[in-house]
1. Determine whether region 12-32 contains at least one residue that is exposed (fewer than 11 other Cβ atoms within 10 Å of the Cβ) and at pLDDT 85 or above.
2. Scan Pro7, Pro3 and give me the residue that is more than 23 Å from Ala70 (Cα to Cα) and at pLDDT below 80.
3. Does region 77-87 contain at least one residue that is among the β-branched types (Val, Ile, Thr), in contact with a helix residue (DSSP H, G or I) (Cβ under 9 Å, 6 or more places away or on another chain) and in a loop (DSSP other than H, G, I, E, B)?
4. From the list Ile4, Ile32, Ile51, Ile42, which one is part of a loop (DSSP other than H, G, I, E, B) and of a type in the set (A, V, I, L, M, F, W, C)?
5. Across region 57-71, what is the total count of residues that are in a helix (DSSP H, G or I) and either over 19 Å from Asp11 (Cβ atoms) or hydroxyl-bearing (Ser, Thr, Tyr) (or both)?
6. I need every pair where a residue in region 9-20 that is on the phi < 0 side of the Ramachandran plot and among the acidic types (Asp, Glu) has its Cβ under 8 Å from the Cβ of a residue that is part of a strand (DSSP E or B) and surrounded by 10 or more Cβ atoms within 10 Å (Cβ to Cβ), sequence separation at least 6 or different chains.
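The values are calculated or read from the model by the stated rules, or taken from the named source; none is laboratory data. Values in this document were obtained by computation on a predicted structure and should not be read as measured data. Cβ: placed from backbone, ideal geometry, glycine included. Neighbour counts: every protein chain shown.
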Amino acid sequence: MEPITIPKHIDDPVTLLVWSADEFVPAAFLMILGMLIGQLLIMLILSVVVIKAYRRFRDNRPDGYALHAAYWIGMLPSKAITIPNPFIREFYP
């Protein structure tokens, strides 16, 4: 019986160009903003700085921290029955 090889990168996040998907969103936003205001080079440099800062923030926290923080401050409200309203801080029986 042959040994089974398990892929090493099966749980890696989706990458777009050289960034992961969660890093690509602020970079794309800043690039589009730079095109609209006519300051693309400045916004490209700013996007590199923002991505480096976000990587430092993300690497020092557990997986899913950004989504949890976005939910906690109310940026991801949902009408699902299983997800409680993020603005209700205390639950009474």
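1. no
2. It is Pro7.
3. Taking every residue of region 77-87 in turn, at least one turns out to be among the β-branched types (Val, Ile, Thr), in contact with a helix residue (DSSP H, G or I) (Cβ under 9 Å, 6 or more places away or on another chain) and in a loop (DSSP other than H, G, I, E, B).
4. On the way: Ile32 fails: part of a loop (DSSP other than H, G, I, E, B); Ile51 fails: part of a loop (DSSP other than H, G, I, E, B); Ile42 fails: part of a loop (DSSP other than H, G, I, E, B).
Within the list Ile4, Ile32, Ile51, Ile42, the selection yields Ile4.
5. In the first step, residues of region 57-71 are kept if they are in a helix (DSSP H, G or I); the result is 57-59, 65-71.
Checking which are either over 19 Å from Asp11 (Cβ atoms) or hydroxyl-bearing (Ser, Thr, Tyr) (or both) leaves us with 57, 65, 69-71.
Going through region 57-71 one residue at a time, the tally reaches 5.
6. none
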